[in-house]
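Trainee: Input: one structure, supplied below.
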Amino acid sequence: MNIHTVMVIGAGQMGTGIAQVHAQAGYHVIWYDMEKKQLEKGMERIERNVERQREKNRLSEGEGKEMIKRIHSTSHLRRAGEADLIVEAVTENKDVKKRIFHEVDPLAPPHAILASNTSSLSITELASVTNRPAQVIGMHFMNPVPVMKLVEIIRGLSTAEETAETGRAVCESLGKTAIEVNDYPGFVSNRVLMPMINEAVYAVYEGVASPEAVDNVMTLGMNHPLGPLALADLIGLDTCLFIMETLHDGFGDDKYRPCPLLRNYVKAGWLGKKTGRGFYFYSS
Ligand code: NAD
């Protein structure tokens, strides 16, 4: 299927990256968030990224301007009616995402594909609230989106081959590598990554080591580019907690129980880089 116009729902860190890479690849982007402030902040971030790329001669001034012009922010979900592909990247909460899929389904053209950037939630369940389950798919981009090569493609039980093919083709057009996995909690990426992050939080909670020491062990000892706690701060501690809860509920296995310290940080609003404080402090 030919995709010209992509609607991105959500203007947090992931939605911003997803809007940027699609505009950069030549797609028209309609960008929606319920918070106008988030769209403004996201647009500023994209403009700064374009400027940086221009300084490095990766983009001409004209190309940068054209790219920005392809992004149209909106506070009207009904503009889903213009999209061939809708990529949802709102908060990792099943009820919120189901509501969005339910609302957007009747607004989108019959041919449109609905994709979710969920890190862990069931694509099959999100598809079940729409009248087009064969056209629903998971497109799990990695953070930061403009830099990371992988997109995990997740097929729900009803996802059609043509939908998966289009998802893969779009990822390739963005210069990404698509890897297809089946629809189980956390898919592959977060089923493997998140228990490691949770265990790192337990190490701090139980006084085994400081956050710095835990991260240094993993960067210097295991060659990880970023320690698990710095990575958790980058992902967002609320998102990490949501994912652990999905793994815990989905598998019913106590090995996935979220660390109480992670819960406390989220309760305190210490969500990591996006709020200025998590396991580390960040200046704006
Ligand atoms: P975020 O907290 O930075 O942004 C979430 C955005 O969703 C906010 O702008 C918020 O205003 C918006 N939003 C919430 N409810 C909404 C609604 N009902 N309608 C419209 N907008 C709404 O979160 P994020 O880190 O960008 O994560 C977004 C999604 O991407 C989640 O599903 C997350 O699991 C997934 N994801 C995150 C990462 C990561 O490293 N953070 C990586 C891969 C995937």
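The values are calculated or read from the model by the stated rules, or taken from the named source; none is laboratory data. Because the structure is predicted, anything quoted here is derived from the model rather than measured. We place every Cβ from the backbone using ideal geometry, glycine too, and count neighbours over all the protein chains shown. Accessible surface areas use protein heavy atoms only, side chains included; no ligands, DNA or RNA. Shrake-Rupley method; radii C 1.70, N 1.55, O 1.52, S 1.80 Å.
Trainee: So if we plug the beta-carbon distance of Lys37 and Glu125 into 1/(1 + (r/R0)^6) with R0 = 30 Å, what FRET efficiency do we get, rounded to 0.05?
Mentor: 0.50
Trainee: Quick one: with all protein chains in place, what share of the accessible area of region 5-182 is carbon or sulfur, to the nearest percent (1.4 Å probe)?
Mentor: Its accessible area is 49 percent carbon and sulfur atoms.
Trainee: Okay, moving on. How big is the charge dipole of region 190-273 about its Cα centre, in debye rounded to the nearest 20, if each Lys and Arg gets +1 on its Cβ and each Asp and Glu gets -1 on its Cβ?
Mentor: Details: 6 positive and 10 negative charges, 20 e Å.
Dipole about the Cα centre, nearest 20: 100 debye.
Trainee: Could I ask something else about it? Enter the accessible area of Thr91 (Å², nearest 10), with the probe set to 1.4 Å and all protein chains included.
Mentor: 80
Trainee: Note down the net charge around Ser116, summing +1 for each Lys or Arg and -1 for each Asp or Glu among other residues with Cβ under 9 Å from its Cβ.
Mentor: Local charge sum for Ser116: 0.
Trainee: Among Ile179, Ala203, Asn190, whose Cα sits farthest toward the positive end of the charge dipole of region 158-258 (+1 at Cβ of Lys/Arg, -1 at Cβ of Asp/Glu, about the Cα centre)?
Mentor: Of the options given, the answer is Ala203.
Trainee: Next question, about the same structure. So for each of 131-142, 161-172 I average, over its residues, the number of other beta carbons within 10 Å; can you give me the resulting order with the highest mean first?
Mentor: 131-142, 161-172
Trainee: When ligands, DNA and RNA are left out and all protein chains stay put, how many square angstrom of accessible area per residue does the chain have with a 1.4 Å probe? Before the final figure, lay out the partial values.
Mentor: Details: 13680 Å² over 284 residues.
Normalised by residue count, the accessible surface of the chain is 48 Å².
Trainee: While we're here: Let's see if you can work this out: charge +1 on each Lys and Arg Cβ, -1 on each Asp and Glu Cβ, no other charges. What is the dipole magnitude of the chain about its Cα centre, in debye to the nearest 20? Walk me through the intermediate numbers first.
Mentor: Details: 31 positive and 35 negative charges, 132 e Å.
Magnitude of the dipole: close to 640 debye.
Trainee: According to a simple spin-label model (label point 7 Å from Cα along Cα-to-Cβ), what is the distance in nm between Glu180 and His72?
Mentor: Reported label-point gap for His72 and Glu180 is 3.3 nm.
Trainee: How big is the dipole moment of region 38-83 about its Cα centre under a simple scheme where the beta carbon of each Lys and Arg is +1, that of each Asp and Glu is -1, and everything else is neutral? Debye, nearest 20, please.
Mentor: 120
Trainee: While we're here: Looking at the chain, send over the antiparallel percent of its DSSP beta bridges, to the nearest 5. Before the final figure, lay out each step's value.
Mentor: Numbers: 7 of 33 bridges.
Close to 20 percent.
Trainee: Name the residue farthest towards the positive end of the dipole of the chain from the options Gly12, Asn264, Met43, assuming +1 on Cβ of Lys and Arg, -1 on Cβ of Asp and Glu, about the Cα centre.
Mentor: The residue sitting most towards the positive pole is Met43.
Trainee: Quick check on region 128-271: what does the Kirkwood estimate of hydrodynamic radius come out to from the alpha carbon pairs, in Å? If you can, show how the numbers build up before the last one.
Mentor: On the way: mean 1/r = 0.0599 Å⁻¹.
After inverting the mean inverse Cα-Cα distance, the result is 16.7 Å.
Trainee: Assuming 1.002 mPa s and 20 °C, estimate D for the chain with Stokes-Einstein, Rh taken as the Kirkwood radius over Cα pairs, in µm²/s.
Mentor: Estimated diffusion coefficient is 110 µm²/s.
Trainee: Which of Gly15, Gly42, Gly26 ends up with the largest GNM mean-square fluctuation for the chain, with Cα atoms connected below 10 Å?
Mentor: Between Gly15, Gly42, Gly26, it is Gly26 that shows the largest mean-square fluctuation.
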